[in-house]
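Beneath this line is the structure, given in structure tokens, with notes to follow.
The values are calculated or read from the model by the stated rules, or taken from the named source; none is laboratory data. The structure presented is a predicted model; accordingly, all values stated were derived computationally and were not measured. Note that we place each Cβ from the backbone using ideal geometry, even for glycine, and neighbour counts take in every protein chain shown. We work out accessible area using only protein heavy atoms, side chains counted, and drop any ligands, DNA or RNA first. Shrake-Rupley method; radii C 1.70, N 1.55, O 1.52, S 1.80 Å.
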Amino acid sequence: RALGVAVLAVFLFHTYGMGMRWYIAGYAPWSNSYETMVYVAWATVFAGWLFVRRSLLTFALATLFGGVILFVSGLNWMDPQINPLVPVLKSPWLMFHVAVIVGAYGFFGISCLLGLVNLVMMSLKKAVLAQRIKELSIINEMSLLIGLALMTIGTFLGAIWANESWGRYWGWDPKETWALITMVVYAFILHARFLPVLRSDYAFSVMSVLGLASV
């Protein structure tokens, strides 16, 4: 409980920091690599809070992953300076599209970690862990469903933004193409259980880990 309260305090401070950056800059704080990493860390821990009552382990993994992402955002090749937006980013679609689609990465990251933990527990071959493996697989699927929904909505919002900025909804540039590939990959992972050969928790865990590569 004490650690949970501590994580909540840090999470609220993180939220406050993002809010202050938004206020100072005058635009949503996810316009460059540094801001995006900070936001992904926030979204990951937020996703962990959504599952905290179902699984403390999921919450712990989300907190750990959020810390790793914040560590990456502090590396010297990330530029934390607040700069004026380039013209194409001066659009309300920046706030909606990026917030939704990048928020999906937090849920995908949690799914990857849950898959890794399940694979470790399966390798131990302890009967007592079977119920925990099943529990984490259910939470993993819930996380993937939320992530895929956000990814799909965010991609459609991106198409609207592209039409506003460049006069076309879809141009097959690398970001658009990989957004579509990521949607297809995670849609396959979620539907793979309808194939008898991929119906096991082991196959689902492996796919949830490998799926993050598409992100």
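Of 71, 65, 46, which residue is within 19 Å of residue 112 (Cβ to Cβ), modelled with pLDDT of 90 or more and in contact with a Leu (Cβ under 7 Å, 6 or more places away or on another chain)?
Numbers: 71 fails: in contact with a Leu (Cβ under 7 Å, 6 or more places away or on another chain); 46 fails: in contact with a Leu (Cβ under 7 Å, 6 or more places away or on another chain).
Being within 19 Å of residue 112 (Cβ to Cβ), modelled with pLDDT of 90 or more and in contact with a Leu (Cβ under 7 Å, 6 or more places away or on another chain) holds for just one of 71, 65, 46, which is 65.
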Quick one: which helices (runs of 4 or more DSSP H) lie wholly within the stretch 1-118 and hold at least 1 residues that are open to solvent by less than 70 Å² (accessible area, probe 1.4 Å), closer than 18 Å to residue 158 by Cα and touching a residue at least 60 places away in the same chain (Cβ under 8 Å)? 33-50
